[in-house]
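Below is one structure, written out as structure tokens, with a few remarks after it.
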Amino acid sequence: PFDTWKVRWAVMIAMDRASWNEFMMAGPADMAPPAYWMHPASPWSIPNEEYSKFPGWRQDKKDEDIAEANRLMDEVFGGGERPTVQCMAVATDQSDIDACLFVMDNLGKNLGMTLAMPMRH
């Protein structure tokens, strides 16, 4: 289903970055900020405060992002219809498994999608 930009955009804006941060915390060790990979001296970097205003990254308007994501999914698949997709994880890679579990939960809650996770070896 990811061959159209509307589906890719819907998934991107429906993901809850704040809950990902909480999911990835280990005790007091917080995840890096959303823009961690952009070096501050880079001409392409922007402050985290700016990132937090973009659709999909903002938390204060998450309901708006989820509503827009569902509107796009309805436009592509029909009202309330959602594809079933697979999240491919390597059985020996815990970070793959964690990411798949998080995405499965998020897209299930926010878009009503069903994700399967067959394990590859």
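Observations, loosely collected:
- Residue within the stretch 1-14 that is surrounded by 11 or more Cβ atoms within 10 Å (Cβ to Cβ), in a loop (DSSP other than H, G, I, E, B) and modelled with pLDDT under 75 present: no
- Taking the criterion of being touching a Ser or Thr at 6+ places or on another chain (Cβ under 8 Å) and under 20 Å from Phe2 (Cβ atoms), the residues of the stretch 56-82 that qualify are Val76, Arg82.
- Looking across the stretch 103-121, the residues that are touching a Ser or Thr at 6+ places or on another chain (Cβ under 8 Å) and closer than 23 Å to Lys6 by Cα come down to Asn106, Gly108, Met113, Thr114, Leu115, Ala116.
- Some residue of the stretch 44-61 being modelled with pLDDT under 80 and among the basic types (Lys, Arg): no
- Hits in the stretch 50-87 - residues which are within 13 Å of Leu111 (Cβ to Cβ), open to solvent by 80 Å² or more (accessible area, probe 1.4 Å) and of a type in the set (S, T, N, Q): Thr84
- Qualifying residue in the stretch 70-84 (condition: within 18 Å of Ala10 (Cα to Cα), of a type in the set (Gly, Ala, Ser) and touching a residue at least 40 places away in the same chain (Cβ under 8 Å)): no
The values are calculated or read from the model by the stated rules, or taken from the named source; none is laboratory data. This one's a predicted model, so the numbers in the text were calculated from it and none came from an experiment. Note that we place each Cβ from the backbone using ideal geometry, even for glycine, and neighbour counts take in every protein chain shown. All accessible areas refer to the heavy atoms of the entire protein, side chains included, with ligands and DNA or RNA removed. Shrake-Rupley method; radii C 1.70, N 1.55, O 1.52, S 1.80 Å.
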